[in-house]
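Participant: Below is one structure. I have some questions about it.
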Amino acid sequence: MAWLVIRVRSDRGVERSIRETMSYLNLTKVNHAVIIPESETYAGMLQKAKDFITWGPVGSESIAQMIRERGRLPGDRPVDDAAISECSDYDGIDSFAAAVASGDAAIKDASELKRVFRLHPPRGSKGWGGVKRPFSIGGALGNRGEAIEALAARMM
């Protein structure tokens, strides 16, 4: 299983350890997203930065869509099946996304693919829904569960 993690808030005036945790996750700017494997180490990092990020489990279809629409190669070139087959052991985006979703591969296994996905702010009338409240009470922060895929679709 894999998690999609999106940075929601800036780190101005934030404790140094939280700022470092977000940099370890490669979340250097607001609206940046990464796909990480589900593990205890990453779970601890997510809990540390829970007041500045949102996350949830993501499926292979959403990963494939994110790589196609927002994935980039060096020189800001878009990603296609040929690029994935050149820089990884997989023959296309769909097979690579399925391997990432199942935990058999990571985004860094495609050597040329940039690990950070730059997203738009959430489209729609709701927007983030409040960047200072947790998702459980109508805000944008913390664990979203399956609702992360709907948010990612609004941001692509």
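Participant: Among the residues of region 1-58, which ones are among the aromatic types (Phe, Trp, Tyr) and more than 22 Å from His120 (Cβ to Cβ)?
Facilitator: Here is the first cut: in region 1-58, the ones among the aromatic types (Phe, Trp, Tyr) are 3, 24, 42, 52, 55.
If the condition is that a residue be among the aromatic types (Phe, Trp, Tyr) and more than 22 Å from His120 (Cβ to Cβ), then Tyr24, Tyr42 are the ones that fit.
Participant: Enumerate the strands (runs of 3 or more DSSP E) found wholly within region 1-119, keeping only those where 1 or more residues are crowded, with 21+ Cβ neighbours inside 10 Å and hydroxyl-bearing (Ser, Thr, Tyr).
Facilitator: Values: elements: 2-7, 32-37, 53-58.
Those strands (runs of 3 or more DSSP E) span 53-58.
Participant: Determine which single condition Ala82 fails, assuming it passes every other condition in (1) under 15 Å from Glu149 (Cβ atoms); (2) without any contact (Cβ under 8 Å) to a residue 24 or more places away in the chain.
Facilitator: Failing condition for Ala82: (1).
Participant: Limited to region 120-139, what total is found for residues that are outside any helix (DSSP H, G or I), on the phi < 0 side of the Ramachandran plot and small (Gly, Ala, Ser)? Lay out the reasoning, then the answer.
Facilitator: Restricting attention to region 120-139, the residues satisfying the condition of being outside any helix (DSSP H, G or I) are 120-134, 138-139.
Checking which are on the phi < 0 side of the Ramachandran plot leaves us with 120-123, 125-126, 128, 131-134, 139.
From what's left, small (Gly, Ala, Ser): 125, 139.
Total meeting the criteria: 2.
Participant: Right, another one. Return only the number of the condition from (1) in contact with a Lys or Arg (Cβ under 7 Å, 6 or more places away or on another chain); (2) under 19 Å from Trp128 (Cα atoms); (3) free of Cβ contacts under 8 Å to residues at least 40 places away in the same chain that Leu27 does not satisfy.
Facilitator: It fails just one condition, (3).
Participant: So, in region 10-28, how many residues would count as being under 21 Å from Ser62 (Cβ atoms) and of a type outside the set (A, V, I, L, M)? First the steps, then the outcome.
Facilitator: Here is the first cut: in region 10-28, the residues under 21 Å from Ser62 (Cβ atoms) are 25-27.
Checking the rest, the ones that are also of a type outside the set (A, V, I, L, M) come to 26.
Residues that pass the stated criteria total 1.
Participant: I want to confirm something. Restricting to region 140-150 and keeping residues that are in a helix (DSSP H, G or I) and touching a Gly at 6+ places or on another chain (Cβ under 9 Å), which single residue is surrounded by the most Cβ atoms within 10 Å (Cβ to Cβ)? Please lay out each step first, then the result.
Facilitator: First pass over region 140-150, keeping only residues in a helix (DSSP H, G or I): 145-150.
Checking the rest, the ones that are also touching a Gly at 6+ places or on another chain (Cβ under 9 Å) come to 145-149.
Working: Gly145: 12, Glu146: 10, Ala147: 12, Ile148: 22, Glu149: 20.
Only one residue fits best here, namely Ile148.
Participant: If you don't mind, there's one more thing I want to ask. I'd like to verify a number: residues in region 102-143 that are within 30 Å of Ala83 (Cβ to Cβ) and in contact (Cβ under 8 Å) with a residue 24 or more places away in the chain, how many?
Facilitator: Let us first name the residues in region 102-143 that are within 30 Å of Ala83 (Cβ to Cβ), namely 102-123.
Still in the running and in contact (Cβ under 8 Å) with a residue 24 or more places away in the chain: 102-103, 106-107, 110-123.
Result for region 102-143: 18.
Participant: Any residue in region 145-156 that is of a type in the set (Lys, Arg) sitting within a Cβ distance under 8 Å of a residue that is not in a helix (DSSP H, G or I)? List the pairs, counting only those 6 or more apart or interchain.
Facilitator: Once the first residue is of a type in the set (Lys, Arg) and sits in region 145-156, its partners that are not in a helix (DSSP H, G or I) give Arg154/Pro122; Arg154/Arg123; Arg154/Gly124.
Read the figures in this text as sums done on the coordinates, not as results from a lab. Owing to the predicted nature of the structure, the values given are computational and were not obtained by experimental measurement. A quick note on method: Cβ atoms are made from the backbone with ideal geometry, for glycine too, and the neighbour counts reach across all protein chains shown.
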